[in-house]
Amino acid sequence: MTDTQQKVLIADSDEAAAQLTDFYLTQALYETRVVKAADKVVTECAAFSPDLVLLEAIFPGREKLQVCSELCRQSHVPVIILSSESEVSDRVQGLDLGADDYLAKPFDARELLARIRAILRRYHPSEDELPMNDLTGEFVKYPDLTVSLTNYSALYQGETVNLPPKELELLYFMASSPNQVFSREQLLDRLWGFDYMGDTRTVDVHIKRLREKFRSSQYWEIKTVWGVGYKFEVKIPITKDNGKK
């Protein structure tokens, strides 16, 4: 293992499936660890400190969702759910709980690896991949809201709001461009990457979660522009700061 080798935790009670996934990932030079019991996933995640978790859900449905919810609540590690359940409601439920992506079985190994690479680039971009406006120390501020990329934090009405990285990046991006309308495709391209192969419904799910956590403000709101997309609508001028005096 090198210092830059990325780690993936494979959570699957099916030994044959776990071994096959493990083979794909080790061939692609990821460091892996397999956990087969649902009640061990969270503790193994804390011990292994992976860059990504594959929740390859042979666990019973409710157990799988509980594991996903607890992972997303206790850490910021990205989660991909892999499942034979291909109904839209199943995908939405997984995303609602905080998963970053959902891939239905059977899947092609190349697609799985492409999705892993895309998510890891978003969470751990190289210096060459960092957009010009994602500057260290930059934040946006309103009278009741401060969103910081320095330490991935959000303060709303005097209280800290815990947000997964993708929700915070979405809020920061939209708050940085007040009153500008973005289509779902534009938000996917900007925040999930041009090679993201998921559903545009992903944006809707993340917007829904943000609205649940920031229910009302006299200064701003995330509005739906029907037939187009979303905008961060404000009634006051924006203040941007890079942390420098």
Problem set entry | Yes/no for Arg122 being in a helix (DSSP H, G or I), modelled with pLDDT of 65 or more and open to solvent by 50 Å² or more (accessible area, probe 1.4 Å) | no
Exercise. Applying the selection to segment 175-191, what residues are open to solvent by less than 60 Å² (accessible area, probe 1.4 Å) and closer than 26 Å to Leu71 by Cα?
Worked result: Leu187, Leu188, Leu191
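The values are calculated or read from the model by the stated rules, or taken from the named source; none is laboratory data. Predicted model only: the values in this text are computed from it and were never measured. The protein model used for the area step is the full one, side chains on, heavy atoms only, and it has no ligands, DNA or RNA in it. Shrake-Rupley method; radii C 1.70, N 1.55, O 1.52, S 1.80 Å.
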